[in-house]
Amino acid sequence: MRQLSDKNTLLRQRVTHVERQTYTIEEAARILGICRAVAYRKGVLPTVRVAGRRLVPKRALERMLAETA
C-alpha cells in the first residue's frame, strides 16, 4: 500500500509543475482587462470546448494579441 501511495504523491507533484496551456474565460478576461460579459460573447476570444467547458488556448490568445499589436 505504501508503494502505491508514494507513486500517487509523485504523480501529483509532477502534475502541479505542468504549465497550463489554457485559460478559463474569466482568466482571459482578467488578462485582457475586459469584463467577463464581453469575454463570453461569441467571437471575442478564440475558444475550444473541452469536456463541456469553454477554454481559451494560451497560444491562440498570444497570437491574437500579437496580430493586434
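The values are calculated or read from the model by the stated rules, or taken from the named source; none is laboratory data. This is a predicted model, so every value here is computed, not measured. Ideal geometry is used to build each Cβ from the backbone, glycine not excepted, and the neighbour counts take in all protein chains shown.
For residue 52, the criteria (1) surrounded by 11 or more Cβ atoms within 10 Å (Cβ to Cβ); (2) at pLDDT below 95 hold in every case but one, which is (1). Pairs linking a residue in region 47-69 that is over 15 Å from residue 26 (Cα atoms) to a residue that is modelled with pLDDT of 90 or more and among the acidic types (Asp, Glu), with Cβ atoms under 6 Å and 6 or more positions apart or on different chains, do not occur.
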